[in-house]
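Before any comments, here is the structure.
The values are calculated or read from the model by the stated rules, or taken from the named source; none is laboratory data. It should be emphasised that the depicted structure is a prediction, and the values quoted were computed from it without experimental measurement. Every residue, glycine as well, gets a Cβ built from its backbone with ideal geometry; the counts of neighbours run over all protein chains shown. Areas reflect the complete protein model, heavy atoms only, side chains present, ligands, DNA and RNA absent. Shrake-Rupley method; radii C 1.70, N 1.55, O 1.52, S 1.80 Å.
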Amino acid sequence: DELVTAFVASRVAPPTIDAHLDLGCGVGSVLLLLAWRFPALRGVGVEAQAVSAALARRSIAFNGVGERVSVVEGDLRTVDLTERFPLITGTPPYFPVGSGAISERVQRAPAAFELRGGIEEYAEAASRFLREDGIFVVCNGVKGNHSEPLRNERALAAAGLTVVARLDVVPRAGKGVLFSVYTAQKGSVPGQSRPAVSTLVVRDAATRITDDFAAVREHFGMPPLR
């Protein structure tokens, strides 16, 4: 989901984009993917878990982008950032508390369960930190969405964000959508009635990587899987 979120964000961002914020950045995957794609981009990540923030900083240093990519350790619901960003990304946890067994591992539990909020909190934070013409790219599960089918759209709308596009990701041909990546803009979008919907199938019926997913990997310079 982080790879596809970064892919969508890189496609909708203007070539001259100067700054990017990643909410709940974890170990920095989306930050680093976009930093690779946009060599002049300045990236900021917000991460509540100290261990994940430390790992993200280590990867940032290892990749030699410490002068333009940084991590703020804090809760996205309460963190105080004075800057407003043209592009914000987020990969919220998919499972509400009470919907399954929570792992005792420090990093795994918050990555899967909404211990610090879910799509609603991410959308609200994005709305606070977006420039007026900014774009928010966020992914979330949609297999019943572990609550209700329209939860993602409602959460974004409640935060004053208009969905302009949705990419449905199917893990294998013949299966249902696993998660969707939404592109939203702050405020209303003139002439926008319904979001443009497209589909990305990761593997074909024979479990081979599809051309479309191979193109996603190639977009970030990753080696081929076939």
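For this structure, a couple of remarks:
- Pairs where the first residue, in the range 3-14, is within 12 Å of Phe213 (Cα to Cα) and the second is open to solvent by less than 20 Å² (accessible area, probe 1.4 Å) and assigned to a helix (DSSP H, G or I), C-beta under 8 Å, 6+ apart: Leu3/Val216; Val4/Val216; Phe7/Val216
- Only one of Glu120, Glu148, Glu124, Glu153 that is within 30 Å of Ala50 (Cβ to Cβ), modelled with pLDDT under 95 and not in a strand (DSSP E or B): Glu120
- Just one of the listed residues (Ala40, Ala61) is open to solvent by 50 Å² or more (accessible area, probe 1.4 Å), over 23 Å from Arg131 (Cα atoms), free of Cβ contacts under 8 Å to residues at least 60 places away in the same chain and among the small types (Gly, Ala, Ser), namely Ala61.
- Qualifying residues in the range 117-128 (those that are under 15 Å from Asp80 (Cα atoms) and under 15 Å from the mean Cα position of the chain (by Cα)) - the one most open to solvent (accessible area, probe 1.4 Å): Glu124
- Candidates Gly141, Gly191, Gly134: the one that is in contact with a strand residue (DSSP E or B) (Cβ under 9 Å, 6 or more places away or on another chain) and modelled with pLDDT under 90 is Gly141.
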